[in-house]
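The next block holds one structure in the form of C-alpha cells; read it before the comments.
All of the numbers you see were taken from the coordinates with simple rules; none came from a lab. What you are looking at is a predicted structure, and each value in this text was computed from that prediction instead of being measured. Note that we place each Cβ from the backbone using ideal geometry, even for glycine, and neighbour counts take in every protein chain shown.
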Amino acid sequence: MVTVALAYLLAAKPQVTAWVVGYNPKSIERFAERADQIDAVFMEAYGVTADGLAFRRPDNISPFKKAREIAKKHKVQFFAMISNYAAGEGEDGFDPKRMTKALETEESRRAFATGLLKIAKEDKADGVDLDLESLKADDRNRYSKFVILLGNMLHDSKMKLSVTVHAKETVEGNWDGVKAHDYKALGSVADRFNVMTYDFSWSSGPEGPIAPTAWVERVMKFASTQMPASKLGMGIACYGYDWGTKPARSLSWNDLAVKPTKVDPESGELVDGKMHFSGAGAFRAKYDLASKLGLGSVAFWYCGSEDPGIWKFLPIRK
C-alpha cells in the first residue's frame, strides 16, 4: 500500500490546458494572469461555412491576437480552434450539415483542410484544435479521413493537431455525435486528444451532475484502450447549470452571487436547489483521477469561467 501511494506521489502530473473564448473578456484576462500555470490553450478562432469551408470568425480576430501574444510571451502552446457552431442550427447550435458538405468527397475534404491550414499558418498558430461536434453518424469514416489528411498536412508544416471529441464508453457509442468520432482512427494522428467528459446532464435535459466522477473514469479508461494515455486530455467542466429555467441557464463562477456549500457526492460539484456548479473540489477530484490514470493532460472549459480556487493547487509550469 505504501509503495502504491509513493508511486502515485512521484507520478508525472498531467499538463494543464484550457479553452479560451472571445465572447467573455474575463477569459483573456484570466489567461494573462495564469499563463505560467497553463501548458497549452485552444483559442476560439474559426468556423465552417454553409459550403463546408473554414473561415475566420470576425468577432474573434482581436481576442485571438491578444491571446496569441500572451501565449508567445509565456511560451504556452497555442492552438487555433475551429468549430461548426452556427447559432440556431443543429444540436445545441452545432450544425452537422456544414460538416457533411465539407466531408462529402475527397476533393471537399482536401479543400477544407487546405483552407484551414492556410489561415492557421497565416495566424501563426502552433496548431489547430478541431471542435467539430454533433456530426452525423454516417460521416464517421469521412471525418476520420479528413482528420488524418489534416494531421499529416499540419505535421508536414511542423504544426500540431488537437482533436476534441464527445465522451463515450464503447467503440460505437449511443448517439450520432459520438458514433461519428472514431477514437482509434482520430487518435492515430492527433498530438492531443481531448475528451469532453462533461454535460452528462446537459442544459436541455433533466437536472443532475454535470460530470459524475465514476462516469468520467469509465470514459477515460475506454479512451486509453484506443491510444496511448499520454495523448489524452480529460475535459473538465469549469461552469454550472441552473435548471430553474428551461433550458438550463449556463453559469460561470462570477455569476454566483452567493457561493453554495452543499456538495454532490457523485461529482464533487457544488449544488443549490436546481443548480450544479463544477468548482474547485470537483476539479481537484478530476485532476487527481487524471494523474492516477496516467493521462497526458486535463483540458478545462473554459478559462475565465472557473472557480479561482483551482489555481491554488495547480503547479507553476517548469
With θ set to phi - 60° and the Karplus curve 6.51 cos²θ - 1.76 cosθ + 1.60, what are the ³J(HN,Hα) couplings of region 127-141 in order, to the nearest whole Hz, using x for Gly and Pro? x, 10, 10, 8, 10, 9, 10, 6, 6, 6, 4, 5, 8, 3, 5
Residue separation times 0.36 nm, minus the C-alpha to C-alpha distance between residue 23 and residue 106: what's the value? 26.4 nm
Percent antiparallel among DSSP beta bridges confined to the chain, nearest 5, equals 30 percent
Using a cut-off of 15 Å between beta-carbons, work out the net charge of the residues near residue 308 (Lys and Arg +1, Asp and Glu -1, residue 308 not included). +1
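Given the pairs 118/160; 13/158; 65/124; 26/262; 160/286, which span a C-alpha to C-alpha distance of over 20 angstrom in this model?
Long pairs (Cα-Cα over 20 Å): 13/158; 26/262; 160/286.
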Among beta bridges assigned by DSSP with both residues in region 14-196, the antiparallel ones amount in percent, to the nearest 5, to 15 percent
Where the convex hull is taken over the Cα atoms of region 267-318, what is its projected area averaged over directions, in nm²? 4.3 nm²
Phi-derived 3J(HN,Hα) across region 224-229 with the Karplus relation (6.51, -1.76, 1.60, θ = phi - 60°), rounded Hz, x for Gly and Pro, is 5, 7, 9, 6, x, 4
Among 282, 214, 71, residue whose mean-square fluctuation peaks in a GNM of the chain (springs only between Cα atoms under 10 Å): 214
Taking the simple approach of a point 7 Å from Cα along Cα-to-Cβ for both residue 174 and residue 97, what is their distance in nm? 2.9 nm
Region 147-213 - Debye-derived log10 I(q)/I(0), Cα point model, q = 0.12, 0.14, 0.25 Å⁻¹: -0.40, -0.51, -1.07
Running a GNM on the chain with Cα contacts under 10 Å, which residue among 103, 295, 149 ends up with the highest mean-square fluctuation? 149
Cut-off of 10 Å, at most 15 other beta carbons, DSSP loop: longest stretch of the chain lacking such chymotrypsin sites (Phe, Trp or Tyr not before Pro): 24-174
Is the shape of the chain best called rounded, prolate or oblate, per the rule: a/c under 1.5 gives rounded, else a/b larger than b/c gives prolate, else oblate, with a ≥ b ≥ c the square roots of the Cα gyration tensor eigenvalues? rounded
Quote the charge dipole size of the chain about the Cα centre in Debye, to the nearest 20; the model charges only the Cβ of Lys and Arg (+1) and of Asp and Glu (-1). 1020 debye
The chain: relative contact order as a whole-number percent, Cα under 8 Å and 6+ apart: 19 percent
Assuming R0 = 45 Å, can you tell me the calculated FRET efficiency for the pair residue 74 and residue 138, based on Cβ-Cβ distance, to the nearest 0.05? 0.60
Placing +1 at every Lys and Arg Cβ and -1 at every Asp and Glu Cβ, with all other atoms neutral, what dipole size does region 14-196 have around its Cα centre, in debye to the nearest 20? 640 debye
Computed on Cα atoms only, the convex hull of region 14-196 has an orientation-averaged projected area in nm² of 9.9 nm²
How big is Rg to Rh over region 184-261, alpha-carbon atoms, Rh as the Kirkwood inverse-mean-distance radius? 1.08
Under 5 Å between amide hydrogens, which residues at least 5 positions from residue 269 or on another chain qualify, with H placed 1.01 Å from N in the peptide plane? 264
Is the shape of region 74-160 rounded, prolate or oblate, going by the alpha carbon gyration tensor and its root eigenvalues a ≥ b ≥ c, with a/c under 1.5 for rounded and a/b larger than b/c for prolate? oblate
